[in-house]
Amino acid sequence: MSAWADGAEYVTQCPIQAGHSFSYRINIIGQEGTLWWHAHSSFLRATVHGALFIRPRRGRPYAFLRPYKEVPILLGEWWKDDVMEIDSQVLPPSDAFMINGLPGDLYNCSQEGMFKLKVKAGKTYLLRIINTNLITQVFFKLANHNFTVVAIDAVYTPPLVTDVVVAGPGQTTDVLLEANQPIGSYYMAASVYYSTTAAFDNTTARGLVVYQGSQSASPPMPLMPVYNDTKTANKFYTNLTGLPIGPHWAACPDQVDQSLFMVFGVNLERCHKNGTCLGPFGFNFSASINNESFVLPSDVGVSMLEAFYKGVSGVYTRDFPNGPPYEFDYTSPNTSLDFTRIFAHKSTKVKRVRFNSTVEIVLQSTSFLDVENHPMHLHGFNFYVLAQGYGNYNATRDREKFNLVNPQMRNTIGVPRGGWAVIRFKANNPGIMASSGATVASFFQVRKKHACVDAIFAATNTSIQTNIAQDPPIDVLPPKS
């Protein structure tokens, strides 16, 4: 996907104004499975999103037996209030979860609203599960049935049989469902996986799988994990691997050209004079990577990618650090309120890497304010997940855990609660791309010139800059006179 079609506001383009339109041009290469699209402006993606199904080319098979039917399962959140009117400092817990836009029968709603999937006994269904939530990870189960995971983030996996799917915001999971139980009705359910102590939505959305010919009036309910069942979540995430014998597989590069150590977490920001701050101790909430808290260039009239293309200076700088400014015990509870470290610099910084180079990143969480399983997403690239663990990453000890043979490939990872993950990717997609999490984000800009690409990481949103392979579409820049 070209960076011009990435859609992150003020990164690859300025927001689409009311009454205007923009055409996204996407070239699908080396992916089969499920992706999704969503708005990338404030909280708008909570309601403006949809599914993308990528099927094999005509005449080519799936990496598994062809299913009888394909079914999208979009897991979402719902607020009673207008989510776009919510104060950007603090997003309150949602009021309900949804399965395909319907909350189910455990909520006090004025109208019945429950998704029902009708199935035929003996048939196999491909469920394309997408977590569209803003910040919430979920457990998804179906009473008396197992799933077989066959793909994640549009990359095939070896078959993994499980009775529960765990999905972080933005993650997709393709599973096969065999209708192999006695004819009847069975509840499907989506509930929260939440590993921090802040307030959260502890409700459950329900749907129904109804077998053809069913007369059941009392469907069984799956036994859901407790909300903070990190053991179950970690087991699911770490059991996933790649499928080297599958279509489009590319071996993980052995040689690393650039290594980065990215320490991230929730921070505090001092309140502006006469301002209203909703964080603890009268401060604002903030977030950072390597003690740099990213500021979108929303007041300069040009996006970061356009600024690079046009040679406009003053939009961002290229001095994002390779690691944190100092080492400390990142995951110790004693650092939760360390006021010598919890405040981060505000900046719009980027990090350059060479085109087609292999980049390895250690993603290290911190215990600032609280600890949590933290989803991190990389636009425009898939990455290999080499290893995950708890506590502070130790290269001497933890590199022995690296899976370089069949690591899972995806575009979003849940960094374990109070832990770390190591990812590796090829910087081969020119443009500015965004990498983001629930509270932090980063951007990649790739510039192709004389066989080199620069990649930029910036902070709390972080970005990667590289030289641009294509001219911008006419929607972004006016035609040259």
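Where the centroid of each part is defined by its Cα atoms, how far is the range 340-387 from the range 60-75 in Å?
33
Quick one: pull the percent of accessible area on the range 258-457 belonging to carbon and sulfur, 1.4 Å probe, ligands and nucleic acids left out.
Of the solvent-accessible surface of the range 258-457, carbon and sulfur hold 49 percent.
I'd like the GluC sites (Glu not before Pro) in the range 69-118 restricted to DSSP loop residues with at most 14 other Cβ atoms within 10 Å, sorted by number.
Here the sparse-neighbourhood loop sites are 112.
Under 16 Å Cα-Cα from residue 231, which aspartates and glutamates qualify once same-chain neighbours fewer than 8 residues away are excluded?
163, 372
Relative contact order for the chain using alpha-carbon pairs under 8 Å, separation at least 6, rounded to a whole percent?
In percent, rounded to a whole number, it is 15.
Could you work out the per residue convex hull volume over the alpha carbons of the range 57-239, in cubic angstrom?
141
Largest first, what is the accessible-area ranking of 409, 84 with a 1.4 Å probe?
84, 409
Of the peptides 411-424, 238-251, 262-275, how do they stack up when ordered by the mean number of other Cβ atoms within 10 Å, highest first?
Highest mean packing first, the order is 411-424, 262-275, 238-251.
What accessible area per residue, rounded to a whole number of Å², is obtained for the range 258-457 using a probe radius of 1.4 Å?
40
Whole-Hz ³J(HN,Hα) for each residue in the range 422-427, computed from phi via Karplus 6.51 cos²θ - 1.76 cosθ + 1.60 with θ = phi - 60°, x for glycine and proline: what do you get?
10, 10, 9, 8, 9, 7
Using alpha carbon coordinates only, what is the Rg to Rh ratio of the chain, with Rh defined as the Kirkwood radius?
Rg/Rh for the chain comes to 0.96.
With the other protein chains left in place, how much accessible area per residue, in square angstrom, belongs to the range 57-239 at a 1.4 angstrom probe?
With all protein chains present, the range 57-239 gives 47 Å² per residue.
Solvent-accessible area of residue 277, probe 1.4 Å, all protein chains present, reported in Å² to the nearest ten, please.
Looks like 30 Å² after rounding.
Rounded to the nearest 10 degrees, what's the angle between the helix 230-239 long axis and the longest principal axis of the chain, both from Cα atoms, 0 to 90?
80
Report the label-to-label distance for residue 356 and residue 108 in nanometres (one decimal), using points 7 Å from each Cα along the Cα→Cβ vector.
6.4
Grab the DSSP H runs of the chain that are 4 residues or longer, score each as -39,500 (n - 2.57), total them, divide by all residues and round the 222 nm result to the nearest 500 deg cm²/dmol.
It lands at -1000 deg cm²/dmol.
How much of the accessible area of the range 41-146, probe 1.4 Å, is carbon plus sulfur, in whole percent?
Ligands and nucleic acids excluded, carbon and sulfur give 47 percent.
The values are calculated or read from the model by the stated rules, or taken from the named source; none is laboratory data. Please read all numbers here as calculations on a predicted model, not as lab measurements. Every residue, glycine among them, receives a Cβ derived from its backbone with ideal geometry; neighbour counts consider all protein chains shown. To get the accessible areas, we keep the full protein, side chains included, count just its heavy atoms, and leave off ligands, DNA and RNA. Shrake-Rupley method; radii C 1.70, N 1.55, O 1.52, S 1.80 Å.
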